[in-house]
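Read-outs: derived from the displayed coordinates by stated rules, not from any lab. The structure presented is a predicted model; accordingly, all values stated were derived computationally and were not measured. Counting neighbours? That spans all protein chains shown, and the Cβs are built from the backbone with ideal geometry, glycine included.
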Amino acid sequence: MDIPTTMRAARIHAYGGPEVLTVEEVPVPSLAPGEVLVEVLAASVNGADLELRRSGFDGYYEPPRTLGIDLCGVVRAVAEDVERLHVGDRIHGRRSSAARGTYSTFAAVDADDLIAVPAGMEDSVAAAVPVVGLAAWHAVVEVGRTAPGDRVLIHGAGGGVGFLAAQFARHLGAQVIASDVAEAHAALRDIGVTEVHDFRTTDVIAAAGTVEVVIDPVGGPVTDASLAALSEGGRLVSLVAEPDQDTARRRGVTATMLDSWMDRGHLARIDELLVAGAVTLEVGEVLPLEEAARAHELAESGAVRGKIVLDPRR
Ligand SMILES: NC(=O)c1ccc[n+]([C@@H]2O[C@H](COP(=O)([O-])OP(=O)(O)OC[C@H]3O[C@@H](n4cnc5c(N)ncnc54)[C@H](OP(=O)(O)O)[C@@H]3O)[C@@H](O)[C@H]2O)c1
């Protein structure tokens, strides 16, 4: 393939609402050592993209900037020192940092952040899984240390992270108690979760009883309130907020704010489970790159259940 000199990218030039996300023509990036040039087949919308657009994480990432963290694509060029990946490989993964995006027709990505996509996995699923899949894996397995028979309370269990977390916990032999809006309950029952609560109408902490693990991709009052549900030695893992350590210590539990990371072995394990049908990931909507702003609008409205994916080829 002849690599063009310019590409389309969905970028922000100021923080703000979805309308600040516009598609423009920019140079195709050149490769630094360790990188590969990926022709992007799909990139998914994640909570971090929304936060980056709204505030750059309190100004840490300044505009102008291309958004997007995870992707599925085909390797079109490799830096001289890259040996593990080759031109033509179909790969997926997540960037280790949000500094450079994936909402674009090409992306220069650190080869260490990518693995081969298993045969039979669709581009949209391959793009949707890395950020939420690794976050769910790290929360349930690595930090939550979920064991067979544990009771695991999962807030936001119908969301990107929570839905996979619920399935990983069940796969490990744990008993899942799920909390989310009523619209998400049917999908949760479909994956075998029998104890499902609507946080809008139920005091979830009281209804859950005592649990060994809490997974919190919601934050706000949910994070610290969850400490009360843990048995002694229990583990709270929040994806969004730093839990109150004094309360955690007093109650004899651990409470961690998890910053998930790219791990090729963990992503490969998640892929195996997806391909085997042991877990599923729902893609709710696939939109052209040009509709990146609408994709953010939909993600923020909560109107779409399942992951939202951008397809730059449309
Ligand atoms: N730290 C990390 O490494 C890491 C990694 C990945 C994601 N995250 C963060 O984790 C958060 C969740 O990501 P996601 O992709 O799972 O988001 P998501 O797909 O929007 O899922 C969140 C779910 O929680 C539901 N919800 C809202 N308030 C709730 C409450 N009080 N109790 C129970 N459920 C509630 C939402 O319902 P509605 O949609 O109806 O509101 C939605 O179904 C985001 O803030 C994201 O940035 C962090």
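Some values worked out for this structure:
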read-out: Burial order of peptide ranges 7-14, 220-227 (average beta-carbon count within 10 Å, highest first); value: 7-14, 220-227
read-out: Kirkwood Rh, angstrom, the chain [1 / mean 1/r, Cα pairs]; value: 19.9 Å
read-out: TYR60, TYR103, TYR15 arranged by Cβ crowding within 10 Å, fewest neighbours leading; value: TYR60, TYR15, TYR103
read-out: Test item: Cα-centred dipole of region 214-292, Lys/Arg +1 and Asp/Glu -1 on Cβ, debye; value: 540 debye
read-out: Listed residue (ALA278, PRO64, ALA174) projecting farthest to the positive dipole end of the chain, Cβ model; value: ALA174
read-out: Rounded to the nearest 20 debye, dipole of region 131-257 from Cβ charges on Lys, Arg, Asp, Glu; value: 240 debye
read-out: Charge dipole of the chain about the Cα centre (unit charges at C-beta), most positive-ward option of VAL211, HIS86, ALA111; value: VAL211
read-out: The chain - mean residue ellipticity at 222 nm from DSSP helices (-39,500 (n - 2.57) per run, n ≥ 4, rounded to 500); value: -8000 deg cm²/dmol
read-out: Cα-centred dipole magnitude for the chain, charges only on beta-carbon of K, R (+1) and D, E (-1), debye, nearest 20; value: 380 debye
read-out: Relative packing of 143-156, 65-78, which averages over residues the other C-beta atoms within 10 Å, highest first; value: 65-78, 143-156
read-out: Theoretical gain in end-to-end length, SER55 to ALA182 [0.36 nm per residue, Cα-Cα removed]; value: 42.7 nm
read-out: Inverse of mean 1/r across different Cα pairs in region 131-257, Kirkwood, Å; value: 13.8 Å
read-out: Considering only region 57-212, percent of DSSP beta bridges that pair antiparallel, nearest 5; value: 50 percent
read-out: Whole-Hz couplings from phi, Karplus 6.51/-1.76/1.60, listed for region 238-252; x for Gly and Pro; value: 9, 8, 10, 9, 7, x, 6, 6, 5, 5, 4, 4, 4, 8, x
read-out: Packing-based order for 254-261, 83-90, 307-314, using average beta carbon neighbours within 10 Å, highest first; value: 307-314, 254-261, 83-90
read-out: For the chain, with +1 on Lys and Arg beta carbons and -1 on Asp and Glu, the positive-most of LEU52, GLY156, THR5 along the dipole; value: GLY156
read-out: Label-point gap, in nm, between ARG314 and ASP244 - each point 7 angstrom along Cα→Cβ; value: 4.5 nm
